[in-house]
Structures are given as C-alpha cells and as structure tokens.
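Peer 1: Have a look at this one before I ask anything.
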Amino acid sequence: MSNVLHVGTRKGLVTFTRDAVGWAPSAPAFIGQPVSAVLSDPRDGAIYAALRLGHFGVKLHRSDDRGATWSEIAAPAFPAVPNPDDKAPAVDMIWTLVAGGADEPGVLWAGTTPGGLFKSADRGASWSLNESLWTVPERAGWMGGGYDLPGIHSVLVDPRDSRSLTIGVSTGGVWRSADGGATWRLTGQGLRAEYMPPDMAFDLKVQDVHRLAACASAPDIVWCQHHNGMFRSTDAGETFSEIKNVQPSVFGFALGVHPHDPNTAWFVPAIKDELRIPVDCKLVVTKTTDAGRTFTAHADGLPGVSYDLIYRHCLDVNADGTRLAIGSTTGNLWVSDDAGRHWSQIHGHLSPIAALTFG
Amino acid sequence: MAQVVFTPNLQRHVSCPPAVADAQSVRAALDLVFAANPQLRSYVVDEQGRLRKHVNVYVNDRMVNDRVSLSDAVAPNDEIFVFQALSGG
C-alpha cells in the first residue's frame, strides 16, 4: 500500500505519511497558495505542484527529494502573439499534470484552462503548446463547465503505446491521438448530453466529460463520469455505453478505476449544477465490481449530513486497488483501506481540496 | 532614471528588489527590469505581455491606463509601483 498522500488545497500542499499510529500531515508547502494539480511521477519519483496564484499567475514547482525542497520550473504558456488584445490566449489554470509513458522519461502532459494541451520533454524545464489540438475547428464550440473557460482535465497515456493518447475536455468531448499528439480525432460515440437541445444530445463535441480513467492493466476499458451520466468504453474511448439507474445519482466529478480489475470502479455521486451537494446531503462512495451492472453505496465512516463535494482530481486509488483516498471542497480527507467499503477521516480542517495523489 | 518598486508580497515568491530604469514608458521600464531578472516577468505580466488581471501598476499616484501594451509615459524621476490588486486574494 502507498503510505504517502499528497493533497493539493486552496491554501497549500500537505503531504500525509502513514506510520504505526496513523496519517501524519507535513508542514504545508506553498502555504496560503492555491494548488490546482499534483503529480507524483512513478518513473523518477519527482513531485510536481501547479499553483494558481491569485495575483501572480500560474506557476509550477518540482521536488526531487520527495517534497523536502521545491524549485520553480517553467509553467506552460501560450506562444506570444504580435500585438495582443484581450482575446489572446493565456494559461488560466493547470488542471491536470500527467506523466508520459514509461518509455519516455521526462515527458509530461499538462491540461489547462482555457483548453490548451502542453507537453514537456524535459521534466518541466520547457513546455510547448500542442498546436494541432488547439487549432481543431471544433474548439470554437468548447464551453466552460463549472469554470468560465473550457479545460482539459484528463490525459490518458496508453501503457502499451505512449503515442496513444485520450483526453477529456469540459466541455468539448473526448479526443484521441494515435501519433503522440500530431493529429487528433473527436471520439466518444454514445456519450449523451441532456443539457443540450434534443437534436444535439449525441453531438460528440458538446459532451461535458467530467473525468476519464482507464484500467492500467486493461487500458481499452475507459470509464467516464459525465455531466449527466456514467459511461464505460471497451474500445479505449472510441465509443461508450451509458450506465443508467444508479442510486443515489449518476452525476458527479470524481472517478477511480481498479488498476487490475476493469470491472471495478468507484464514483462519488452528487446533485448536479443547480446545487452541487451530495444527494440528501449524505456523502457516499458508489462502487461497482461488475462493469457497472450493479452498484453499492458505501457510507461507513463518512459524515451523516454534509456538503462535501469531491472534485474530479480528488479521488485516488493506490497501485493494488485496496487503498483509496477522497478529499472534499470542505477540506475533509478520508482514506479507505478495504477498497472503499469503510472510510476513516484523516483530516477535517484543510482548506478546499483541488487534487490529491498517492505517491 | 525611473524607480521601479514591487509589493513586498511578491518578494515571497520571487526576488524583486527595487530597480532603476532609463525608460520612457512603463513597458520599457519593466522590460529592462525583466531583462535583468527574467523569473520576475511571469509574475507581473502574462505570456502575451499584458498586465496580470490582479496586478496594478501606478506611475507615481496614477494607475496605468493601458494594461495591454503598458504604453503609459514615464519621466526620469517617476516612481513605478507594482502592487497586487485587492481583487485577487
């Protein structure tokens, strides 16, 4: 089991370490600063923390000593345009940081608002915009989903072929590349958007994908938490089947997939945009072990009445699928050591949690 | 030479001692400071060179008008203050 958990909050990065007594928090790094994304790179042990400073912009830091010290590195940035006006693009937030494949050390991907995908080949020393995705005509129709600006929140790198990429855009659908990002295709047939005019419900480019996650041992199995439903793909994100009638709700943000069992996944249901709170103010984690045919809602250890929302980067599953962590908008943090059946609160007074990861 | 002074709150993130610049516009003055201290640039302006939304710049007691091109004029004995806006907290 992983005994280290990095938690990115509105007021800094807190690393929890499990010892014989329990989970102990570190002194926060970047105290007072909003952390928007965290990556623990399994290839070289580096930790990356993206900041969204309220006044001074997006920043990126790396630690090569497990969080003891940090160095500021380059942050993704759009190419400067001549004579810019108000509409020239600028990175608003690093929404996700993802390690490239095992065969491409040093490669990182960053998904951002307003929708730029950036790649680094040198552990964040420099970044380049993926121009081919940025210039797809459909991007003109991307919309904000929760945030004012559209953004890329999920980047899946196929462990069998690092050139095979699948990304999720809120709001802008699922996009796939077979050539390392040189060219992109809009995929996701079967995703359904009930918030659009009826004739557009299955339009690929309007799908509000909240989160994509693949099974590490069976990467063709991709699960999707969508704005108005839960979906599963058996062809790596080309097509999806909708999972319906899940109690207490099919809406949510966070999603976890068992690393070795493609039929097992976890969701955290809520009431959608009109409220954004747990159903009946009762936080539960729903789990399926049969590819979404049935779900069990688990509440043991979770609060009786609460307003905790679990954002899309705030559920993580460890490498063997037994230990999970969730962190909430209310600054609560829970861990399960039995694959999601029982939960223990390990902190109740953090600031709003934006991202967490074992590592 | 114009004086360029940064909010102490920026010092938490990046070195930004007071500087002097022989320049006739805010843009030119800041570019001279950034040339000597490249890491400071992205804290004050975005990748398009525009003043960050929640950063304010004053020339003496006048807030700059042109937040995109920073074309506001600077005289030799002016003081340029780079502050954080209260709106970004």
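No value in this document is a laboratory result; all are computed from the given coordinates. Just so you know, these numbers come straight off a predicted model, no measurement behind them. Neighbour counts are summed over all protein chains in view; Cβ atoms, including those assigned to glycine, are modelled from backbone coordinates with ideal geometry.
Peer 1: Could you compute the longest span of chain B free of trypsin sites (Lys or Arg not before Pro) located in DSSP loops and having at most 16 other Cβ atoms within 10 Å, not counting the site residues?
Peer 2: The longest uninterrupted stretch comes out as B:13-52.
Peer 1: What residues of the stretch A:66-88 lie in the reach of a label at B:Asp66, counting those whose backbone N is under 16 Å from a point 7 Å from the Cα along Cα→Cβ?
Peer 2: Backbone N within reach: A:82-86.
Peer 1: Counting Lys and Arg as +1 and Asp and Glu as -1, each charge on the Cβ, what is the dipole of the protein assembly as shown about the Cα centre in debye, to the nearest 20?
Peer 2: So the dipole magnitude of the protein assembly as shown works out to roughly 500 debye.
Peer 1: Then there is this: Please compute the Kirkwood hydrodynamic radius over chain A, one decimal place, Å, based on all pairs of different Cα atoms.
Peer 2: 20.2 Å
Peer 1: Going 7 Å from the Cα of A:Lys11 toward and past its Cβ, which residues in the stretch A:340-359 have a backbone nitrogen under 13 Å from where you end up?
Peer 2: A:348-353
Peer 1: What fraction of the DSSP beta bridges in the stretch B:2-88 is antiparallel, stated in percent and rounded to the nearest 5?
Peer 2: That works out to approximately 75 percent antiparallel.
Peer 1: Which FRET efficiency, nearest 0.05, do A:Tyr307 and A:Gln247 yield, Cβ-Cβ r, R0 22 Å?
Peer 2: 0.65
Peer 1: Could you check the simple spin-label distance between A:Asp261 and A:Ala201, using points 7 Å along Cα→Cβ, in nm with one decimal?
Peer 2: In this crude label model, A:Asp261 to A:Ala201 measures out at 3.3 nm.
Peer 1: Nothing charged except the Cβ atoms of Lys and Arg (+1) and of Asp and Glu (-1): what's the magnitude of the dipole of the stretch B:2-88 about its Cα centre? Round to the nearest 20 debye.
Peer 2: 320 debye
Peer 1: Considering Cα pairs under 8 angstrom that are at least six residues apart, work out the relative contact order of chain A and quote it in whole percent.
Peer 2: 12 percent
Peer 1: Let me ask something else about it. Taking each residue of A:49-55 in turn, how many C-beta atoms of other protein chains fall within 10 Å of its C-beta, and what is the average?
Peer 2: So the per-residue partner count for this stretch is 5.
Peer 1: For chain B, calculate the relative contact order in percent as a whole number, restricting contacts to Cα pairs under 8 Å that are 6 or more residues apart.
Peer 2: 38 percent
Peer 1: On to the next question. Which whole number gives the average, over all residues in B:35-48, of C-beta atoms from other chains lying within 10 Å of the residue C-beta?
Peer 2: 4
Peer 1: Name the residue from A:Ile353, B:Ser71, A:Ser36 whose Cα lies farthest towards the positive end of the charge dipole of the protein assembly as shown, charges +1 on Cβ of Lys and Arg and -1 on Cβ of Asp and Glu.
Peer 2: The listed residue farthest towards the positive side: A:Ile353.
Peer 1: Under a Cβ-only charge scheme (Lys and Arg +1, Asp and Glu -1), can you give me the dipole magnitude of the stretch A:228-356 about the Cα centre, in debye to the nearest 20?
Peer 2: So the magnitude is around 200 debye.
Peer 1: How high is the relative contact order of the stretch A:1-119? Use alpha-carbon pairs under 8 Å, at least six apart in sequence, and give a whole percent.
Peer 2: Contact order relative to length: 16 percent.
Peer 1: Continuing with the same structure: Please give me, ordered by residue number, the trypsin sites (Lys or Arg not before Pro) of the stretch A:86-152 that lie in loop per DSSP and have at most 14 other Cβ atoms within 10 Å.
Peer 2: Counting only loop positions with at most 14 other Cβ atoms within 10 Å, the trypsin sites (Lys or Arg not before Pro) in the stretch A:86-152 are A:Lys87.
Peer 1: Along the Cα→Cβ direction, 7 angstrom out, place labels at A:Ala20 and A:Ala182. What is the inter-label distance in nm?
Peer 2: The two pseudo-label positions are separated by 5.7 nm.
Peer 1: Just grab the label-to-label distance for A:Asp86 and A:Arg163, each label 7 Å out from Cα along the Cβ direction, in nm (one decimal).
Peer 2: Computed distance between label sites A:Asp86 and A:Arg163 equals 4.4 nm.
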